[in-house]
Amino acid sequence: MSITFSLIAMCLLGLTHFINGLVSEHYPPIRIALYTHIGGFIIGLACALALSNWHIEAILWGTLAGAGSALGALLLYRGLSIAPFGIVVPVSAVSMVMISLGLSLIFLSEQLNIWIWMGVVTALPAIWLTAGGKAIRQVLGQRKAGVGLILGLSAGVGFALQLHFLGQIPPQATFYGIALCMLSGGLCLLPFCSRKSSNRKHFAFFATAAGGISALGLTLYALSREGQLAIVSIMIVSMYPLIPVVFGSTIRKESISNASKIGIGLSIVATMLIVAGTH
């Protein structure tokens, strides 16, 4: 069941990024991040009141996770505004996984078997290629590559901290922790949003809806950690970039590059290896 939760969480988080990717073509990214957190807070709170039990630790871990989420979003969007997509997104995705792996090994003392290690090693290039990454030499030769690398790495730190802190929330208070994560992240993002009103409020609605989907995905991620190693949940969820790529191909009829095709194939192989290692 934990593997199933992780896979569904990956699909939901990937769907969130697909929706927000469409909205970002018409709406400021920082506002998208804000409304995504608002939507996540609304759904998280509603589910918490109906399904969750309160626990005082949810305040600490939820608030810290929200700060990590806001940090990741701010640095990611800052990076995308000044450096190529093919640098910032793959670097942030891979650094998130590497830092999450380090946190799990250091603070949770997790022991990985050979199958899971093989899955981890396979997943890293899979995430890089699926997210649009190119050859390292080609990346470093692009304009403002250094700034993009730094911002991408830093964004990965924020998202890794978010995943780590969410995993510390007691299972019975998961929804409360998610709600507080989204509230904390939204409050951190608020000062960076322009106060100018927009007549394109329907885009805000879509971002808010995406936030609700994200909250459900993060909840399933947190619950999936109860029955398996944290790094297993993290690795599976981290392969979410393949969802926007597949949706973009089927719904928007976008062509999939050869690199992305290889990344998708490696993602499937990595998932199979990780699943094999949990049995």
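Computed values, structure above
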| quantity | calculated |
| --- | --- |
| Odd one out for Leu223 among (1) aliphatic (A, V, I, L, M); (2) within 17 Å of the chain's Cα centre (by Cα); (3) outside any helix (DSSP H, G or I) | (3) |
| Subset of region 107-129 (residues that are without any contact (Cβ under 8 Å) to a residue 40 or more places away in the chain and over 13 Å from Leu229 (Cα atoms)) | Val121, Leu124 |
| Filter result (of a type outside the set (A, V, I, L, M, F, W, C), part of a helix (DSSP H, G or I), in contact (Cβ under 8 Å) with a residue 60 or more places away in the chain and touching a Gly at 6+ places or on another chain (Cβ under 9 Å)) within region 69-99 | Ser69, Gly72, Gly79, Pro90, Ser92, Ser95 |
| Qualifying residue in region 239-257 (condition: within 23 Å of Gly167 (Cα to Cα) and touching an Asp or Glu at 6+ places or on another chain (Cβ under 8 Å)) | no |
| Residue list for region 36-67, restricted to those being modelled with pLDDT of 95 or more and either at positive phi or of a type in the set (Phe, Trp, Tyr) (or both) | Phe41, Trp61 |
| Single match in Phe247, Phe203 (criterion: in contact with a His (Cβ under 7 Å, 6 or more places away or on another chain), farther than 25 Å from Trp61 by Cβ and either of a type in the set (Ser, Thr, Tyr) or in contact (Cβ under 8 Å) with a residue 24 or more places away in the chain (or both)) | Phe203 |
| Number of positions in region 102-127 that are assigned to a helix (DSSP H, G or I) and either of a type in the set (S, T, N, Q) or closer than 13 Å to Ala270 by Cβ (or both) | 14 |
| Pair list, Cβ < 8 Å and 6+ apart or interchain, from region 215-226 residues that are over 13 Å from Ser238 (Cβ atoms) to residues that are among the aromatic types (Phe, Trp, Tyr) and part of a helix (DSSP H, G or I) | Ala215/Phe41; Thr219/Phe175; Leu220/Phe5; Leu223/Phe5 |
| Single residue of Ile264, Ile236, Ile268, Ile243 found to be within 13 Å of the chain's Cα centre (by Cα), surrounded by fewer than 24 Cβ atoms within 10 Å (Cβ to Cβ) and within 28 Å of Trp115 (Cβ to Cβ) | Ile243 |
| Cβ pairs under 7 Å, 6+ apart, first in region 250-270 and in contact (Cβ under 8 Å) with a residue 40 or more places away in the chain and under 24 Å from Leu22 (Cα atoms), second hydroxyl-bearing (Ser, Thr, Tyr) and surrounded by 14 or more Cβ atoms within 10 Å (Cβ to Cβ) | Ser260/Thr130; Gly263/Thr130; Ile264/Thr130; Ser267/Thr130 |
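The values are calculated or read from the model by the stated rules, or taken from the named source; none is laboratory data. Bear in mind that the values here come from a model prediction, so they are computed numbers and not experimental data. Counting neighbours? That spans all protein chains shown, and the Cβs are built from the backbone with ideal geometry, glycine included.
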